[in-house]
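Trainee: This is the structure I have questions about; it appears just below.
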2 protein chains.
Amino acid sequence: MPSQIPLYDIVIIGAGPVGLLLSVSLARWGYKVRHIDNRPVPTATGRADGIQPRSLEILQNMGLKRKVMAFDPARVFEVAFWDPAPGDKIVRTGTWASCPEFLDARYPYTALLHQGLIERVLIEDLEKSGAKVQRPWTITRFETNHKNPEYPVEVDLKNLDSNVTDTVRAKYLFSGEGARSFIREQLGVQIRHKDPISHVWGVMDGVVRTNFPDIKMKCTIHSDHGSIMVIPRENNMVRLYIQIASSTDPDFDPRKSATVEEVQLAAKKIFAPYYCDWDRVEWYSVYPIGQGIADKYTLDHRVFMGGDVCHTHSPKAGQGMNTAFHDAINFAWKMHLVESGFASRSILNTYEVERKFIAETLLNFDNQYAALFSKRQPSADEVSDAHESGSSETKNEFVEMFKANCEFTSGFGVAYNPNIFNHSSEHSFQHPLIITKSQNEKLRPGRIMPPGNVTRVVDANVVHLENEIPFNGSFRLFIFAGLSQGPKPGQHKALADFAQHLTHPDSFYSRFSHKDSNRDIHHDSDNPHSRFFSLALVLAARRPEIEISDLPAVFQDYAGKIYADDKKDIRVLEAKASAHAKVGLEGEEGAVIVVRPDGHVGVAVRLVEGRGTVDALEGYFRGFTVRTGLGGGGERVKSYL
Amino acid sequence: MPSQIPLYDIVIIGAGPVGLLLSVSLARWGYKVRHIDNRPVPTATGRADGIQPRSLEILQNMGLKRKVMAFDPARVFEVAFWDPAPGDKIVRTGTWASCPEFLDARYPYTALLHQGLIERVLIEDLEKSGAKVQRPWTITRFETNHKNPEYPVEVDLKNLDSNVTDTVRAKYLFSGEGARSFIREQLGVQIRHKDPISHVWGVMDGVVRTNFPDIKMKCTIHSDHGSIMVIPRENNMVRLYIQIASSTDPDFDPRKSATVEEVQLAAKKIFAPYYCDWDRVEWYSVYPIGQGIADKYTLDHRVFMGGDVCHTHSPKAGQGMNTAFHDAINFAWKMHLVESGFASRSILNTYEVERKFIAETLLNFDNQYAALFSKRQPSADEVSDAHESGSSETKNEFVEMFKANCEFTSGFGVAYNPNIFNHSSEHSFQHPLIITKSQNEKLRPGRIMPPGNVTRVVDANVVHLENEIPFNGSFRLFIFAGLSQGPKPGQHKALADFAQHLTHPDSFYSRFSHKDSNRDIHHDSDNPHSRFFSLALVLAARRPEIEISDLPAVFQDYAGKIYADDKKDIRVLEAKASAHAKVGLEGEEGAVIVVRPDGHVGVAVRLVEGRGTVDALEGYFRGFTVRTGLGGGGERVKSYL
């Protein structure tokens, strides 16, 4: 009786970071999620632990950062390098910022706490949406078939305690199983090893007492007795990474292990002449790890994979969980826009294209970093200036490489290549009002929009503009009115024209509006008109000068998303309007910046009188939306991918 | 059998803000607290709701702010004034900042959420210290006698459910019972009414739908149909205050009441022509309130009172809970320093002196504010400039009065008069190195130390200097090394001299050091040497230049409290060392700023070579410490009060 088969929008296997962030997102947006994990309980301690600056912004945008920070993670602002010195000593040869000021991060540090605490925050949020993770369940079989074309994926699940089995159907299956993936194996997707070298790592979390001065910093220590990486943790703990064996060793054994005492003894020798004793050990593990990347992230655009299933690498740069976060949100919004009838199915291609490119960048970086960790010993001269903000003169190639890597490892180098979402001169749609890279280098499609502080008109709160629209699955239209658009009636012709054309019944905006015209939008400040768009209007005026009732009607429904660009910013002290300046808008003219649901810029269009601005946006959105809107079943535009 | 009588350090009656903050503090410091409340459960909704900027700093200093903010309180940055206009309308005649930029607050807003949520945070913290609030218990009798001189207060308690009674003895009894106080009545302490006028207020919390544009702001609305105060709340709620009757009315009845519907109708008329409908009402209350202040806060320095027991006033300025917080922490640290053998008992006098002065200031302000609320209708011209930062030219007396009141209502005007703690030219101890008001107007004894951002050397974290020493009952010695004290050995002679004399066995610092020389101080970064002092050292150097092992030994035990003054600050952009500049130190010379346990400056002394700096501090501390330190029983110095 096939009618009894439970139906889900998605089945998610694995409740690590990638699976959890995906199910949190989809459950919030109303999708029916079956989420299982084969472990009986969430991670209790240890494992991944580094949340990079950009990931903190993502968590903030999801309203989750505060809950993570409530665990008081350690915060790493700088990295220190220690090298061997004469007399069997070690000396600090340099320090640098983990997220230098030129990156303009809201949270210029890495937060360190164990993966289980992060999972706990995500699981609590999931449960608020009425979903949950079932444990210990595993997947035993799956196939894509046409028994139910709307739910083409058939999945067999099994409870590992009771051996009860369950067959379900879903629109999508997502594997967040980790490096050992049943789904990837069944699909026959190969892992390519970028670097044939593999390593055995020992990792130990605990509380130490030591006179080593940088025990609260992230450090790499090279000594004549080996190398170690020090990472501070929550609860006064520290994590030590020690390389126990490498496939380059003459007698390499990937199963080589070491006891707690052996690792502690090795650490003691490396730290000498500083002492290092252990008050307690919280977690200890030894594991072999190689670099690898999956050939494909999906074969049929129904069964997808993300996180460690697709990419493994050394733990040294603290990238694993962060890459998983990006995988999850990248897939979440694309699946959402397809399944809710907004975008054509072909956009799902971009998941693999965008995320695999980043994984490849990560593995290349990891290679360099591993080489650095094993061999390079920078001297103090080389690096002492690297932490200076915006210092444009650097002393050598090594510091240059470091800077580039800082940007990547902190998450701000996650820059997607041109495609249907990320406009460029290669895009099939072109319009003279689209702002090009050479016209404004601060707005780079594929990268995030620079942050800015503004005053919310309705309550005079000083807020982070970039977080004013949450990760709600909508495209974000940030309308920077420009310096010539005054706050008084009659002073904002370009804005009035924009509003008029935006709300024309045939516009991309109106086509996807809510169908229920009696909908109660009084308290809906994010999506009063459409599930697919959230607007924010930034006026270059002082807050008391702005009267919301003077503005075009479309903005009055967005009363909670109107901002005065009237705060001074130390980075652009001379600017007339700081938030405008931070996105590169210093002239009279404004712009509409389209930001994808994940915070990356899609396109920016000059705000001018007439219909040109909306025309340009129209052309951009026609590139991937279905032509007839929510009516469904209509002709879909061809993909430009 | 008197030996069976339970003994406590303190019995606290009432678990509102004053009682809870007091028991949280004392329980954290290891005191044995009996805390009762006659209500069966904590406040469920409504009641006091405004946490002012300075109170947020206090909560932050206690590690409690994040938990309060997790409830997403509304944040009030500005106040709007609405007045009658021709045609039966109302118009906005001005807005101003609730905490203007010249106040330099960390959190320049009032946080609004109902008292029960704040109580919940405090109760959870109390339970972490192993204490709790017993409910529903009441006090039936108390007396101070000499049956047990160490525990002179005898208290009878009774459980209101079971009628079980309990007689206990304590060193102190504290009443936080609220306006109707059994203890105050028993003591025969009179309430003086500052203003003979009393009012009946209606207050309503709920969710409204309205097109009134400032519903998310704090507003006072004067209309031809009456006056109303609007205060935004957590969870999209709003609070309305309506004055229902006044003793100046011809037919005044203090028992006058009004139904929900009557108040809603009255509000509707006042808001017209804007509409105002209610989605739901969460809380509604009508209560008469008069201004009053208790003659005494204690009679015998054993039974003390605080909070609404001692001062009542109108709710309009949101001061009640904030004044209670200050009462609690002021009493807490003084009792702590007496009971732990540090300070002479006479310091307890200063609780009433300091806090009653503030209550009187509050009542004076409340009078002015009430008059303003009832009569004054500022025009837009008068107030439009009040929100501009640091604007020194203001247009009239009214704005001046407003500014002075902003400082007071935001909590930064809590400025204690000169006494034994707050040094001035009237203090009995004088020393040429003590920095006088005319030498540095930013360091004003009796007021808080200005905030500053610095880089913590040990982990490169950018931190709020003023919060680096928590409310731990210790005096805080902030040592600003000055611009001439370099980070390298040999560059810090004044600092070395200071360290040498500070740690001399006869110094005030050494006299109160831990008696157990084998004490494990490895992880004790706040109080490695003494329960009564916490040190923080600020060096005008870049973090990478500072090597903690180069500093005098005393600071090495404070490794976690050494800071680089190397962050730019938009308020002092030209300064060589921002944190130094913010406390008024722009010359070569440094200073030691003594901050009382509650964050208020006690005295500031120039940091010079030789023993002068420690001598000056010695003289200051001798003013109120017991002469022989913890040995106990020794001769106590006379009080200079």
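Only the coordinates and a few stated rules stand behind these numbers; no lab work does. Every value quoted in this text rests on a predicted model; they were computed, and no experiment measured them. Note that we place each Cβ from the backbone using ideal geometry, even for glycine, and neighbour counts take in every protein chain shown.
Trainee: So in the protein assembly as shown, what percent of DSSP beta bridges are antiparallel if you round to the nearest 5?
Mentor: Percentage antiparallel, nearest 5: 75.
Trainee: Where the only charges are on Cβ atoms (+1 Lys, Arg; -1 Asp, Glu), what is the dipole of segment A:503-583 about its Cα centre, to the nearest 20 debye?
Mentor: Value, rounded to 20: 320 debye.
Trainee: So how do B:484-493, A:294-303 stack up, highest first, on mean other-Cβ count within 10 Å?
Mentor: Per-residue mean Cβ counts within 10 Å order the peptides as A:294-303, B:484-493.
Trainee: For B:His464 and B:Arg519 in the same chain, what is the full-extension length gain: residue separation times 0.36 nm, less their Cα-Cα distance, in nm?
Mentor: Roughly 16.9 nm would be gained on extension.
Trainee: How tilted is helix B:349-374 with respect to the longest principal axis of chain B? Cα atoms for both, answer in degrees (0 to 90, nearest 10).
Mentor: Between helix and principal axis, roughly 30 degrees.
Trainee: Would you grab the residues whose amide H sits under 5 Å from the one on B:Val208? Only those 5+ places off in sequence or on another chain, please, with H modelled 1.01 Å from N.
Mentor: Those qualifying (amide H under 5 Å, at least 5 residues apart or on another chain) are B:Val238, B:Asp279.
Trainee: Within a 10 angstrom radius of each residue's Cβ in B:73-82, how many Cβ atoms of other chains show up on average? Whole number is fine.
Mentor: What the average comes to for B:73-82 is 3.
Trainee: Further, regarding this structure: Please tell me the relative contact order of segment B:24-121 in percent, rounded to the nearest whole number, where contacts are Cα pairs under 8 Å and at least six residues apart.
Mentor: 38 percent
Trainee: Additional query: Might you report the magnitude of the Cβ-based charge dipole of segment B:453-631 about its Cα centre, with Lys and Arg at +1 and Asp and Glu at -1, to the nearest 20 debye?
Mentor: For segment B:453-631, the charge dipole is close to 300 debye.
Trainee: If you count, for every residue in A:540-546, the Cβ atoms of partner chains within 10 Å of its Cβ, what is the mean?
Mentor: Details: counts 0, 0, 3, 4, 12, 1, 0.
Per-residue shielding by partner chains comes out at 3.
Trainee: Also: Using Cβ counts within 10 Å as a stand-in for footprinting exposure, how do B:Thr455, A:Thr436, B:Thr220 rank, fewest first? Before the final figure, lay out each step's value.
Mentor: On the way: B:Thr455 23, A:Thr436 14, B:Thr220 20.
Ascending Cβ contact count within 10 Å gives the list A:Thr436, B:Thr220, B:Thr455.
Trainee: In addition: Running Debye on segment B:143-182 with equal point scatterers at the Cα sites and no solvent, what base-10 log of I(q)/I(0) appears at q = 0.25 Å⁻¹?
Mentor: Those come out to -0.90, one per q.
Trainee: Evaluate E = 1/(1 + (r/R0)^6) for B:Asn211 and A:Glu185, where r is the Cβ-Cβ distance and R0 equals 56 Å; express this FRET efficiency to the nearest 0.05.
Mentor: Once the sixth-power term is evaluated, E becomes 0.40.
Trainee: Oh, and also: Given the options B:Ala272, B:Ile231, B:Ser246, identify the residue whose Cα lies farthest towards the positive end of the charge dipole of segment B:198-290 (+1 on Cβ of Lys, Arg; -1 on Cβ of Asp, Glu).
Mentor: Most positive-ward Cα: B:Ile231.
Trainee: How high is the relative contact order of segment A:453-631, in percent, counting Cα pairs under 8 Å that sit 6 or more residues apart?
Mentor: 32 percent
Trainee: Taking chain A as the reference, fit the longest principal axis to its C-alpha atoms, fit the long axis of helix A:17-28 to the helix C-alpha atoms, and give the angle between the two in degrees, 0 to 90, nearest 10.
Mentor: With both axes taken from Cα atoms, the answer is about 20 degrees.
Trainee: So, one more: Compute the label zone of A:Leu573 within segment B:542-568: residues whose backbone N is under 11 Å from the point 7 Å along Cα-to-Cβ.
Mentor: Inside the label zone: B:568.
Trainee: Rounded to the nearest 0.05, what FRET efficiency is calculated for A:Lys256 and B:Asn349 with R0 set to 45 Å and r the Cβ-Cβ distance?
Mentor: Efficiency computed from Cβ-Cβ geometry: 0.05.
Trainee: Okay, moving on. For n ≥ 4 DSSP H runs only, could you compute -39500 (n - 2.57) per run for chain A, divide by its residues and tell me the 222 nm figure to the nearest 500?
Mentor: -7000 deg cm²/dmol
Trainee: Please list, by residue number, every one of the trypsin sites (Lys or Arg not before Pro) in segment A:102-152 that is coil in DSSP and has at most 13 other beta-carbon atoms within 10 Å.
Mentor: Answer by residue number: A:Lys147.
Trainee: Continuing with the same structure: How much length is gained if the chain between B:Glu124 and B:Asn235 is pulled fully straight, taking 0.36 nm per residue apart and subtracting their Cα-Cα distance, in nm to one decimal?
Mentor: Length difference between fully extended and current span is 37.8 nm.
Trainee: Considering the alpha-carbon set of the protein assembly as shown alone, what are its Rg and its Dmax in angstrom?
Mentor: Just the Cα atoms of the protein assembly as shown yield Rg and Dmax of 32.6, 102 Å.
Trainee: When 1/r is averaged over all different Cα pairs and the result inverted, which Kirkwood radius in Å belongs to chain A?
Mentor: 26.2 Å
Trainee: With every atom except the alpha carbons ignored, what do you get for Rg and Dmax of segment B:31-181, in angstroms?
Mentor: Looking at segment B:31-181, its Cα Rg and Dmax stand at 21.5, 74 Å.
Trainee: What dipole magnitude, in Debye to the nearest 20, does chain B give about its Cα centre under +1 on Lys/Arg Cβ and -1 on Asp/Glu Cβ?
Mentor: Dipole size: approximately 1000 debye.
Trainee: Separate question: To the nearest 0.05, how large is the calculated FRET efficiency for B:Asp279 and A:Asp88 if R₀ is 56 Å and r is the Cβ-Cβ distance?
Mentor: 0.15
Trainee: Which of the GluC sites (Glu not before Pro) across segment A:541-608 are loop residues per DSSP, with 10 or fewer other Cβ within 10 Å?
Mentor: Passing sites in segment A:541-608 are A:Glu574.
Trainee: Compute the helix-to-body angle for A:320-339: its Cα long axis versus the longest principal axis of chain A, expressed 0 to 90° and rounded to tens.
Mentor: The angle comes out near 30 degrees.
Trainee: Which whole number gives the average, over all residues in B:459-467, of C-beta atoms from other chains lying within 10 Å of the residue C-beta? Don't skip to the end; give the middle numbers.
Mentor: Details: counts 12, 16, 9, 4, 1, 0, 0, 0, 0.
Going residue by residue through B:459-467 and averaging, the value is 5.
Trainee: Here is a follow-up. So which of B:Lys67/B:Lys158; B:Lys488/B:Lys567; A:Lys296/A:Lys334; A:Lys89/A:Lys218; B:Lys194/B:Lys356 end up more than 22 Å apart, counting from Cα to Cα?
Mentor: B:Lys67/B:Lys158
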